[in-house]
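Data block below; observations after.
Coordinate-derived values only; no laboratory data. Note that the coordinates shown come from a computational prediction; the quantities given were computed from them, not determined experimentally. Positions of Cβ are generated from backbone atoms using ideal geometry, with glycine treated the same way; all protein chains shown enter the neighbour counts.
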Amino acid sequence: MKKKSKSVNALMIGILFLSISIIPKTSFSQTVQQKEGRAVWLHSSIFEDEKEEATQHLKELLDKYAEIGINNIFCFYTMPDQNQKEWDFLEILLDKAHKKGMKVHPIICPGGGVKLEGKIKEHPEWFIRDKNGEIVPNLNLANPEVREYFKEKVKEALKYDIDGIHLDYIRFQTNQGFSYDKATCEAFKKEFGYSPLDVHQDCGSIIWCEWIKWNAKQVTTLVREIKEIVDTSGKDVIVGVDVFPDSETAKVLIGQDWELWAKEGLVDMICPMQYTNDLDVFRRSVKQAVKATNGKCLIYPGIACHSSHNRNTPEGVIQEVIIAREEGADGVTFFSGTSLTDEFIDKLKLSVFKTTNSESLWNKKYDFIYDFPPILFHYHHGILAGSYPPDQETTAISFNDVSCFLGHVCLCGAGGYRISQIATDLIRGTEQSLERDEFTFISSRDHTVSDVIAYVLGCSRRNDTAKNQYFIDETINAPQRVYHYYIGYHPLKTAVHIVYNKHLLIGNEQMDKLWKVELAFDKDPDSVNQADVKLYQDTMFDVVKDVLLDQKEGLIEVTPIEYDEFLSRVSRLK
């Protein structure tokens with residue numbers, strides 16, 4: 001099976017030809033177990049008040065977003081009581097976005113600025129009061145009635161066919177803008193014996209430290225209660241949050257303990273607002289966020305095209321997308337709908353979000369590939385020349401990475417990935433992770449399955465006796481489509497012998513027939529009748545799934561072998 005087909009049309013047949021080049025070959029996602037998230041923060045105010053004009057504007061904007069694979073819309077002021085439109089903006093947004101395969105997440109801003117109107121006008125006691133007793137135009141999240149108010153907002157949003165509830169300004173104002181109203185101070189005093197106004201207001205006071213933690217706890221309470229509402233709604237809706245980039249300072253300065261939210265499963269997605277042009281600072285921030293959440297929720301780093309903190313360039317944004325992938329983020333979020341201009345979109349779609357004609361034809365039934373857990377390694381880059389900077393590390397290789405490595409999803413990719421997964425699971429034992437470039441690999445045949453295994457294991461130097469990484473042993477005799485692989489891991493002095501009985505999938509006769517269909521289609525698509533095209537497509541889907549889900553008994557045989565025996569085989573190939 002060839003790694004690349006010659007015809008774009010050939011990509012349309014089946015799994016072999018359905019490109020998922022969501023990520024370019026030189027920048028792989030590290031822990032992605034689902035399709036890469038690409039989100040944008042949008043504001044309903046950029047659309048016209050007149051429904052027909054606004055609908056057309058929205059359609060044109062979503063068309064542009066589709067060009068770079070945007071699949072999540074985080075939108076401010078979508079609800080009828082949040083904007084001045086005389087028609088239901090959220091209803092139109094849901095209709096147009098869902099037709100594009102984009103998910104919609106209305107944004108609710110508990111700690112944002114508010115106006116003295118509606119129900120809020122009836123409750124002046126809900127406002128924050130500063131240390132001098134002056135009213136601040138933000139609601140006090142330490143007030144239980146305020147939290148109930150926002151919970152009702154969530155319930156209203158859940159009446160729509162939304163995909164997520166997104167919380168922005170889920171915090172107090174910057175620099176510890178907590179409320180010092182009488183009720184709040186008394187609630188704290190009841191618990192700790194002092195009012196925050198009666199103690200030294202610095203970290204030398206243990207009571208002041210408790211005051212800081214107490215306010216963070218009030219915000220966490222609201223997040224927890226919103227998550228409970230969503231989870232008990234019976235709807236397939238996630239909870240996402242926009243957060244300040246550093247979790248340690250955020251919980252002290254704004255009461256936003258988002259690392260705890262991830263740890264306790266209170267949120268499904270976190271979007272740290274990592275707005276900077278400094279790529280080193282951005283990398284450290286993304287790395288910290290990925291580490292802090294520890295796989296407990298999705299991480300979509302916020303990348304600003306233009307914000308109050310920075311004014312970026314298309315080239316800078318492209319580099320930050322690459323960094324987010326290298327550091328293991330699940331996606332990215334662009335700030336914002338107004339600054340993600342045609343200039344940025346045009347350069348993104350020609351680089352990190354480059355698509356093929358076939359990507360839009362991706363059949364949803366193949367989405368099961370994103371459910372496979374990655375193979376974990378501890379890997380210092382530099383083995384795959386040109387792929388990664390030498391001073392960075394990869395922690396995982398996913399099946400999505402393999403598909404990008406080949407340029408498409410195919411049976412050979414599935415076989416190579418599953419064999420690598422089985423081998424590393426057996427070799428790992430109680431080890432948490434393996435060194436990716438400490439393997440030596442022997443294959444009985446030079447074919448794409450072997451290349452995939454070598455790629456996953458980091459064995460890029462083929463038949464290089466000095467490196468001893470990857471060898472083809474043509475002296476191994478085996479029946480048609482029975483392949484032998486020997487894999488050794490040197491730090492643990494462990495080796496395995498794997499036999500891949502590929503013929504058991506559908507039999508050699510049927511496999512030969514499909515191979516002829518593939519060759520004929522690649523040469524001249526019009527020469528292949530539609531019945532054979534459908535047979536190829538359906539069969540390839542079935543066999544890929546059989547391989548990845550271990551649905552064919554006896555397909556892959558695994559036998560541990562003596563390490564010395566493995567080394568002897570390697571020495572004969574030098």
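Counting other Cβ atoms within 10 Å, which trypsin sites (Lys or Arg not before Pro) in the range 466-520 have at most 12 and lie in a DSSP loop? The partial results should precede the final answer.
On the way: sites: Lys467, Arg481, Lys493, Lys502, Lys513, Lys516; in loops: Lys467, Arg481, Lys493.
The qualifying sites are Lys493.
Simple spin-label estimate for Lys354 and Lys155 gives 5.2 nm between the two label positions (7 Å along the Cα-to-Cβ direction from each Cα).
Arrange the peptides 77-87, 125-135 so that the one whose residues have, on average, the most other Cβ atoms within 10 Å appears first. Walk me through the numbers before you get to the answer.
Working: 77-87: 16.1, 125-135: 14.5.
Sorting 77-87, 125-135 by mean packing, highest first, produces 77-87, 125-135.
Between Lys513 and Asp88, what FRET efficiency comes out of the Förster formula 1/(1 + (r/R0)^6) with R0 = 51 Å and r the beta carbon distance, rounded to 0.05?
With R0 = 51 Å, the Cβ-Cβ based efficiency is 0.40.
Sorted ascending by nearby beta carbons within 10 Å, beginning with the fewest, His105, His166, His503, His123 become His123, His503, His105, His166. Applying 1/(1 + (r/R0)^6) with R0 = 51 Å to the Cβ-Cβ distance of Glu557 and Asn294 gives a FRET efficiency near 0.90.
Pop the C-beta distance of Lys574 and Arg224 into the FRET formula with R0 = 51 Å and round what comes out to the nearest 0.05.
Working: r = 61 Å, r/R0 = 1.20.
Efficiency for this residue pair is about 0.25.
Applying a DSSP loop filter and a limit of 13 other Cβ atoms within 10 Å to the chymotrypsin sites (Phe, Trp or Tyr not before Pro) in the range 137-209 leaves nothing.
Subtract the Cα-Cα distance of Thr338 and His200 from 0.36 nm times their separation in residues, and report this length gain in nm to one decimal.
Numbers: separation 138, 0.36 × 138 = 49.68 nm, distance 4.43 nm.
Extra length available between Thr338 and His200 comes to 45.3 nm.
Length available on full extension from Glu315 to Asp95: 0.36 nm per residue minus the Cα-Cα distance, which gives 75.9 nm. Under 25 Å of direct C-alpha separation, and excluding same-chain neighbours fewer than eight residues apart, Lys574 reaches these lysines: Lys467, Lys493. Shape class of the range 185-261 from the Cα gyration tensor (axes a ≥ b ≥ c, square roots of the eigenvalues): oblate, since a/c reaches 1.5 or more and a/b does not exceed b/c.
Averaged over residues, the count of other Cβ atoms within 10 Å places the peptides 303-311, 214-222 in the sequence 214-222, 303-311, highest first. Annotated for the range 154-266: lysine pairs at least 8 residues apart or interchain, Cα distance under 18 Å, count 17.
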